[in-house]
1. Any idea which residue in the stretch 75-130 is surrounded by the most Cβ atoms within 10 Å (Cβ to Cβ), counting only those that are touching a residue at least 60 places away in the same chain (Cβ under 8 Å) and of a type in the set (S, T, Y)?
2. How many residues are farther than 15 Å from E272 by Cβ, part of a helix (DSSP H, G or I) and either touching a Phe, Trp or Tyr at 6+ places or on another chain (Cβ under 9 Å) or at pLDDT below 75 (or both) if we restrict to the stretch 190-230?
3. Against the conditions (1) among the β-branched types (V, I, T); (2) surrounded by fewer than 18 Cβ atoms within 10 Å (Cβ to Cβ); (3) within 15 Å of the chain's Cα centre (by Cα), where does V185 fall short? Just the number, please.
4. Take the residues in the stretch 49-101 that are modelled with pLDDT under 95, hydroxyl-bearing (S, T, Y) and assigned to a loop (DSSP other than H, G, I, E, B); name whichever of them is farthest from K117 (Cα to Cα).
Amino acid sequence: MSTPQRDATLWFDDGNLVLQAEMTTFKVSRSFICRESEFFAGMHSLDVNPPPAGGQDGTEERPLLLLEVSAPAFANLLKMLYTVWGAELEFDKEELIAMLRVAHRLLFTGVHAIVAKLLHPLLSSERRLHLGITACGVEEWAFPAFAALVYAYDVRPENCDPPLAPAPLWGTIYDLRSQIQRSRVRAAKFIASKPIGPVVSSNVTIEQCSTHLSELWSIMTGEVEIVQLRTQLEDMRQRILAGGSCRCRTHSSSFVLERVMSGADVGALADEEDDLVRTAWMSSAQGTS
């Protein structure tokens with residue numbers, strides 16, 4: 001049977017607690033580790049007096065074994081704890097994910113918060129969703145990542161290697177994408193069919209403008225988040241107001257500016273889509289777990 005090996009840099013001669021992750025041992029300060037981790041602080045076995053038969057856990061003769069804890073991840077976690085404040089430490093994405101899991105498992109809350117902050121901008125929506133619905137202590141990532149995936153039409157499970165979100169959840173995402181598109185198509189049809197009459201005050205007869213209707217249809221049925229849709233509508237509004245190459249004033253003087261492009265109408269569409277996404281999330285196994 002192989003013998004555990006001491007970590008070359010995380011074995012402190014003045015330490016009084018020996019921990020073992022996989023086949024690597026670490027000698028650290030008990031008081032320091034207990035201060036940083038609720039898990040270790042709550043372990044009464046560290047302070048048993050007198051020690052049990054066979055010796056005290058946490059000694060060189062009998063290291064305290066950390067089950068299901070990766071040695072490299074635990075070493076990186078200790079490096080973060082023991083490094084002088086302000087010193088540069090570099091970890092790649094996979095190392096940070098492993099550290100996040102260990103910090104959550106062993107209740108190193110301070111390290112967990114730091115790692116989560118570093119990691120969040122490095123991850124795709126699907127990766128954040130996966131971590132949010134597994135035991136990593138970042139449940140708050142789950143719903144925003146789910147909502148982002150709904151609108152990320154170019155992201156599909158067949159493009160993910162391997163797909164991380166559960167298959168039923170991908171089914172929910174596809175269904176939501178279809179519902180949102182149907183909702184926007186209904187709104188676009190309403191816009192196209194709305195009656196338009198003359199604008200008496202400007203002595204201009206209002207006629208249907210196929211150019212603007214075509215652009216509006218394209219925007220309303222685009223595969224974008226509602227925030228981007230709102231921006232595209234506002235850009236269109238500004239171009240219509242500026243005149244541009246098209247002299248038709250159909251939409252600038254009627255319902256586009258007054259109704260369809262108003263904050264209230266786009267806001268109502270945004271509320272409808274938000275309700276769809278939240279309801280689907282809460283009714284899914286992940287949203288209610």
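1. Per the stated criteria, the residue is T109.
2. 11
3. So the condition that V185 fails would be (3).
4. Selected residue: T59.
The values are calculated or read from the model by the stated rules, or taken from the named source; none is laboratory data. Just so we're clear, the structure is a prediction, and the values are computed from it rather than from any experiment. No Cβ is skipped: glycine too gets one built from the backbone with ideal geometry, and neighbour counts run over all protein chains shown.
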